[in-house]
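First the structure, in the form of structure tokens, and then the observations on it.
The values are calculated or read from the model by the stated rules, or taken from the named source; none is laboratory data. All values reported here derive from a predicted model rather than from experimental measurement. Positions of Cβ are backbone-derived with ideal geometry, glycine not excepted, and every protein chain shown enters the neighbour counts.
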Amino acid sequence: MKQTFEQLRERYKNANEKLGDLYIKAANRELTPEEKMEEINLSREINQCKESMQGINLELENAKANASRSKAMRGESFREYLKNVRKGSAEREILLNAYSSGKNSIEESGAINLTIHDIIPTLNEGLGLPAGLKVVTGVIGNELWPVSVDDVEMEEVGEVSNLNDQVLHFEKIAPTSRRVGLTVPVSNRAIDNAAFDVMLFVQTKFELATKKYLASKIYSLAAYTGNKGPFANKKASATNLTIDANAYKNILTAIAGLKNVGFMDGDICLSMDAVTEAELKATPKAAGQGGFIIENGKCAGYDYTVSHFVNTEFKGGEGDDKYDLVPTADRYIEIGCWNYFALQQHDEVRLTVDATSQGVAKKNITAITLNTAWSMTDLSVYINNSNNASTAFKLYKVVESEPETA
């Protein structure tokens, strides 16, 4: 088995140390025949280790050089593909999923990570998703979640009395997937500019748009009509949570509301904006206890995320499912068990390049369009309740303590 560089270096070090000890031992005399043989063997091992380490270093240098050349070739190959599309190539659809040869996938076309230093990127905050929320991609067809909506109870009856029949009821939850996409026209002249790979830059913008779409839906209080998170249109039902000398107790009490239903400590995550985070970082715990409510990356000992989308809604209470969000007048804290929320991407993710249709050809542009489907499903709507209301997610409005008067 081929040894690693670290293993060879350890062998080289040990052999050198043994050879040094041998010379020290025979400092004032000639080496015995046995010692001479040991000297030959140790010197041979030292040379072998040195050659092997030099070989590994050479392989790494060659791999880096080949990767650099391959990166440039893949970028050029992708540009050539786009040029062929503009010339009327039959296949104009690129699948983001990796497929076997014969399919034009982003991976096979040579998409590479892009570092851009000459363009200042846009600033985006609050795109991280809550702890416990799992994103499932490539869902085919429709899934169903069977849910047990009630329990049975032990009965205490007489020795020969009949036990009452108890029935367990089940409901099913099915996701509703909705088409999600965007399109960006790109100048053909910009595509032809080999000094700047604008196509891969656009791809990074598509990835950012996806993150922004998911975060805004998950956190926002807006009254979405399509995909929506568990706090959408829930502002009116928010419970007050006072940030004062008892804030630590108030937050733990709010969390206890979920624990009383049966949700576990490790599943609970809080979400808030940066202003609320700053306030809780400076708000002490109970008097005499020491420390602050947010410390060591935890809020009252629980995971939390920060996003300005927590305090957003549609202007005037109305809007569409784009990003026409405005800040709310108040601040909120969201508490949820996100493993009870299903966030799924359905079917394929298609990136389509169009440079030949009349609408784009006459403008000398190439239209890049992303199409896919997402679903967002609250799995807690049947748990421990009979009105189909969410039980795993609670919304709280931050209320400041009243100033003391003289």
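Tabulated data for the structure shown
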{"quantity": "Only listed residue being in contact with a Ser or Thr (Cβ under 8 Å, 6 or more places away or on another chain) and of a type in the set (Ser, Thr, Tyr), chosen from Ser237, Ser271", "calculated": "Ser271"}
{"quantity": "Counted residues, the stretch 18-44 - those being farther than 28 Å from Leu60 by Cα and in a helix (DSSP H, G or I)", "calculated": "17"}
{"quantity": "Test: residue in the stretch 205-214 that is of a type in the set (D, E, K, R), part of a loop (DSSP other than H, G, I, E, B) and assigned by TED's automatic domain parsing to the domain that holds Thr372", "calculated": "no"}
{"quantity": "Total residues in the stretch 191-213, condition modelled with pLDDT of 70 or more and of a type outside the set (Ser, Thr, Tyr)", "calculated": "13"}
{"quantity": "Filter pass, Ala245 being assigned by TED's automatic domain parsing to the domain that holds Lys217, more than 19 Å from Pro130 (Cβ to Cβ) and more than 25 Å from the chain's Cα centre (by Cα)", "calculated": "yes"}
{"quantity": "When residues of the stretch 251-291 are limited to those that are over 18 Å from Leu129 (Cβ atoms) and charged (D, E, K, R), the one surrounded by the fewest Cβ atoms within 10 Å (Cβ to Cβ)", "calculated": "Asp265"}
{"quantity": "Strands (runs of 3 or more DSSP E) wholly inside the stretch 237-321 that include at least 2 residues being more than 30 Å from Gly181 (Cα to Cα) and modelled with pLDDT of 90 or more", "calculated": "239-243"}
{"quantity": "Any chance Glu207 is closer than 30 Å to Ser375 by Cβ and within 18 Å of the chain's Cα centre (by Cα)", "calculated": "yes"}
{"quantity": "Residues that are without any contact (Cβ under 8 Å) to a residue 60 or more places away in the chain and in contact with a Phe, Trp or Tyr (Cβ under 9 Å, 6 or more places away or on another chain), drawn from the stretch 274-287", "calculated": "Glu277, Leu280, Lys281, Ala282, Thr283, Pro284, Lys285, Ala286"}
{"quantity": "Matching residues in the stretch 215-236 - criterion: being outside any helix (DSSP H, G or I), within 16 Å of Trp374 (Cβ to Cβ) and not hydrophobic (A, V, I, L, M, F, W, C)", "calculated": "Ser220, Tyr224, Thr225, Gly226, Asn227, Lys228, Gly229, Pro230"}
{"quantity": "Residue under evaluation Ile173, criteria (1) at pLDDT below 80; (2) at positive phi, criterion not met", "calculated": "(2)"}
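One line per residue, one yes/no per condition, for (1) in a helix (DSSP H, G or I); (2) of a type in the set (Val, Ile, Thr); (3) modelled with pLDDT under 90:
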{"residue": "Ile335", "(1), (2), (3)": "no, yes, no"}
{"residue": "Thr352", "(1), (2), (3)": "no, yes, yes"}
{"residue": "Thr366", "(1), (2), (3)": "no, yes, yes"}
{"residue": "Ile383", "(1), (2), (3)": "no, yes, yes"}
{"residue": "Glu402", "(1), (2), (3)": "no, no, yes"}
{"residue": "Ala406", "(1), (2), (3)": "no, no, yes"}
